[in-house]
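Rule-based calculations on the coordinates, nothing more; no lab input. Everything quoted here is computed from the prediction, not taken from an experiment. Counting neighbours? That spans all protein chains shown, and the Cβs are built from the backbone with ideal geometry, glycine included.
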2 protein chains.
Amino acid sequence: MTPDAFLADLDQLSEFGATAPAGAAVRGVDRQAATPEHAAARRWVADGLAGNGFGVEPDRIGNLFASIEWLPGAPALVLGSHLDSQPAAGRLDGAYGVLAAAHAATRLAAEVAAGELTPVRNLAVVDWFNEEGARFTPSLLGSSTYTGALALTDALAIEDLAGVSVADALRGIGCLGSGGGPVADRYLELHIEQGRELENAGVEIGVVTRNWAVAKFTVVVHGDQAHTGATALADRHDALVGAARLVLTLRELAAEAPPGQLLASVGRLRVFPNSPVVVPARVEFEADIRGPETEQVSRALREFDTAMADLTEVTAERARVKVRPPRELWPDGVALAEKAAAEVGARSLRLATRAGHDAIALSARVPTVLIFVPSRDGISHNVAEDTDPDHLLAGVEVLTATARRLLRGEPGGDDE
Amino acid sequence: MTPDAFLADLDQLSEFGATAPAGAAVRGVDRQAATPEHAAARRWVADGLAGNGFGVEPDRIGNLFASIEWLPGAPALVLGSHLDSQPAAGRLDGAYGVLAAAHAATRLAAEVAAGELTPVRNLAVVDWFNEEGARFTPSLLGSSTYTGALALTDALAIEDLAGVSVADALRGIGCLGSGGGPVADRYLELHIEQGRELENAGVEIGVVTRNWAVAKFTVVVHGDQAHTGATALADRHDALVGAARLVLTLRELAAEAPPGQLLASVGRLRVFPNSPVVVPARVEFEADIRGPETEQVSRALREFDTAMADLTEVTAERARVKVRPPRELWPDGVALAEKAAAEVGARSLRLATRAGHDAIALSARVPTVLIFVPSRDGISHNVAEDTDPDHLLAGVEVLTATARRLLRGEPGGDDE
């Protein structure tokens, strides 16, 4: 496997759902979960692995595994990320990690076949279903169902905005399996950073030690429908005016916190009935608040609730609150990834992740290692997302070296 | 025609697109332009008029006319309003005026047939197409095309949010005609007030003397898509934060103006890509600013432009600005409607309309009379919209008496 082969495969993978014609200066992807574009990308990666002796099978929540079993019945090192994307997203988020996993796994399987490597566990590559939470809410849907944090029946019943369920969407692309997938006793993921820490430090590898606390929630603002032309200001209950105040409250909470201590945002907002000349009757929006510890997030939520209670002319409520606590990742895994980075000559840095990743879901149940490469200008969830090719290749090398050590049973035997 | 017959017909008409089952405490309608519900309502009204000797024909922009021609080639008094509605709207807005026109026209045609009335012009009832501007933007689409203010080819090409053109939608309900409809030399409309002036004054009839100035426009806020979890505040260009500031700017402009001098609202707002965990890249919204004179509206627009220019982190632009100037309605018509009100024993009040009506579009070309009845609590564009039945019946009586005088050639001959 040459460096050129990896970059060529990455170009090929970026064709599935490409947002601009070939040759355009900036090309992203729109490859939301269980769309034909996502299905085609999965098939292409899986066919490559099947050709190298991996057995391909989706589990009952549509995570697609490609596995190789050297030790019958033994658990597996699982390598992977996600091939689904946000709308108008970059080509690297998730897809880079799945392709790197496929390349690393192929290389390691060849080493085992050649007698150069003696594995203490089996190996699988995975594309976790609906990591982004763009088509189906919540995010990390497939990996959270795999670990049991999300109940299978609940997950299968979740609907997109058009009313299509996860179960029907998976059936539609032939990816609804019946089994639970391989049992992971180690999980390893490579991802782009999506921030600027590595770039600012001039370092090509990040080893993630922990994640930020996150609260995700829906807010419903209740107003009263009226005529924008005929209704006096005193008679209005404008749900959009109330929602606008709350959007700005979240921004102010983040802006007034000490630098780097809080993020707060609204990504989706819908207005009802959303007609010109009609005072909005109802607004629903999805927000997220993030901080290093649960405490910062809880305090911000309390301040947000005060702002909701202080609204005049309309009322508002929070619903579907989901809190992801901060969690320390496997310390021995951090040290192992640093050793692997040094082995291949890459500089590395420890850092926390503010964004969620499948690895964070997995880390609740399985010793997990999460490795980052830099993002140019910290840009992500944007077609302009990019990473220096040398950094992309360094990531694949560190991933492969870390996976090799995990297959061998490092660190300290296979039972910690 | 008994009062009971009118109210029974109004109940019947309210079934088309009813938003709640029969017997519910509050029942509105959802009968957007050229939907099956709108088509069924038109057919029911037209069939009633056809049975009374009126000839029914849509014009080339889907206005549906029911005409009776006593004087071959002579122009007509046109009575009407609109049967389309906003989403989740009241049952009276527009529909009351069309049904009242049908009842008045039937009664007057019987008087002509009986030799009790000698008309100097012909008579037509109309359902103007897409008055609300809910499905297709702009509002007053059919009446503005009839007067020539909107070009026919432009109007037919307008698309709804699903990409269906006016032409295709009209073809779909069999309402795309080829002619221009009857030539109106007088236009008369009865409508609910949608405000509280008549109720506050305890008067059952309003005679409209003029309309407020209105500017309707689209605002596009340009941000940059990013990850809500990973992107530092300093790196954000959040289009929704910018849009929220502008929504509140409009509210503040209205709140800070002298009482009753300015309204400013946002009815429709859309976020792109509108995905959880994605900083919005673009927001588009439709706003309207209204004031008694063009000057108040222009000043507010200038202040809004300053607020757009003052935005940090994102840029914004105004597009598709449409200004409807204030216009004095036909003074002799106002006096005539007052005389008709007195004749049937109704109290009347002169007032201005802040909301747009087909009558305002017509008044640019045709001597026009616009009559209001009260709205309970000023509620409109809401399923709870309502009017006292006595006021509804008084409106029909004043409409009929005014139309009778116009058919006779009042005031002062038929050529002013």
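Here the 3J(HN,Hα) profile of region A:191-207, calculated from phi with Karplus coefficients 6.51, -1.76 and 1.60 at θ = phi - 60°, is 8, 6, 5, 6, x, 10, 4, 5, 4, 4, 7, x, 10, 8, 10, x, 10 Hz, Gly and Pro shown as x.
Proximity of backbone amide H atoms, modeled 1.01 Å from N, is registered between A:Gly409 and A:Val120 at under 5 Å, excluding neighbours fewer than 5 places apart on the same chain.
In this structure the amide hydrogen of B:Val279, modeled in the peptide plane, comes within under 5 Å of the amide hydrogens of B:Ala226, B:His227, B:Thr228, none closer than 5 places in sequence on its chain.
For region B:82-179, GluC sites (Glu not before Pro) meeting the loop criterion (DSSP other than H, G, I, E, B) and having at most 13 other Cβ atoms within 10 Å: B:Glu116. Over the residues of the protein assembly as shown, the helix contribution to mean residue ellipticity at 222 nm works out to -10500 deg cm²/dmol, using -39500 (n - 2.57) for each DSSP H run of at least 4.
Near A:Thr306: Cβ cut-off under 13 Å, other residues only, Lys/Arg at +1 and Asp/Glu at -1. The net charge is 0. Take the alpha-carbon positions of the protein assembly as shown, form their convex hull, and give its projected area averaged over all directions (one quarter of the hull surface) in nm². Taking a quarter of the hull surface, the average projection is 37.3 nm². Diffusion of chain A by Stokes-Einstein, at 10 °C in a medium of 1.306 mPa s and with Rh set to the Kirkwood radius over alpha-carbon pairs, works out to 71 µm²/s. Take chain A, connect every pair of alpha-carbon atoms lying under 10 Å apart with a spring to form a Gaussian network, then pick out the residue of A:Ala162, A:Ala20, A:Ala244 with the largest mean-square fluctuation. It is A:Ala162. For B:Lys322, the lysines whose Cα falls under 18 Å of its own Cα, not counting residues fewer than eight places away in the same chain, are B:Lys216.
If the elastic network links every pair of Cα atoms under 10 Å, which of A:His191, A:His381, A:His222 fluctuates the most in the Gaussian network model of chain A? Highest fluctuation of the listed residues: A:His222. To the nearest ten degrees, helix A:3-13 and the longest principal axis of the Cα atoms of chain A are 40 degrees apart. Axis angle, to the nearest 10 degrees, between helix B:389-408 and the longest C-alpha principal axis of chain B: 60 degrees. Across peptide A:129-135, the average count of Cβ atoms from other chains found within 10 Å of a residue's Cβ is 2. Summarising the amide proton neighbourhood of B:His237: residues at separation of 5 or more, or on other chains, whose placed amide H is nearer than 5 Å comprise B:Asp224. Each Lys and Arg contributes +1 and each Asp and Glu -1, all at the Cβ; summed about the Cα centre of chain A, the dipole is approximately 500 debye.
Distance to the B-onto-A rotation axis is smallest for one chain B Cβ; residue and value in angstrom are B:Ala244, 2. Mean sequence separation of contacting Cα pairs (under 8 Å, at least six apart), scaled by the length of region A:213-324, corresponds to a relative contact order of 45 percent.
With label points defined 7 Å past Cα in the direction of Cβ, position A:Glu313 shows copy-to-copy spacings of 2.3 nm, given to one decimal and shortest first. Per-residue mean of foreign Cβ neighbours for A:237-245 is 5 (Cβ atoms of other chains, 10 Å radius). Counting only other chain Cβ atoms within 10 Å of each residue's Cβ, the peptide A:375-382 averages 6.
A viscosity of 0.890 mPa s and a temperature of 25 °C, combined with the Kirkwood radius over Cα pairs in Stokes-Einstein, give a translational diffusion coefficient for region A:362-413 of 187 µm²/s.
Helix B:36-50 and the longest principal axis of the C-alpha atoms of chain B enclose an angle of approximately 10°.
In terms of packing, defined here as the mean over residues of other Cβ atoms within 10 angstrom, the peptides A:385-393, A:262-270 line up highest first as A:262-270, A:385-393. Computed 3J(HN,Hα) for region A:307-324, one whole-Hz value per residue from the Karplus formula 6.51 cos²θ - 1.76 cosθ + 1.60 where θ = phi - 60°, is 4, 5, 5, 7, 4, 9, 6, 9, 10, 9, 9, 9, 9, 6, 6, 10, 10, 9, glycine and proline marked x. Couplings 3J(HN,Hα) of region B:26-35, computed from phi: 10, 10, x, 9, 10, 9, 6, 4, 6, 7 Hz, in residue order, whole Hz [Karplus 6.51 cos²θ - 1.76 cosθ + 1.60, θ = phi - 60°; x for Gly and Pro].
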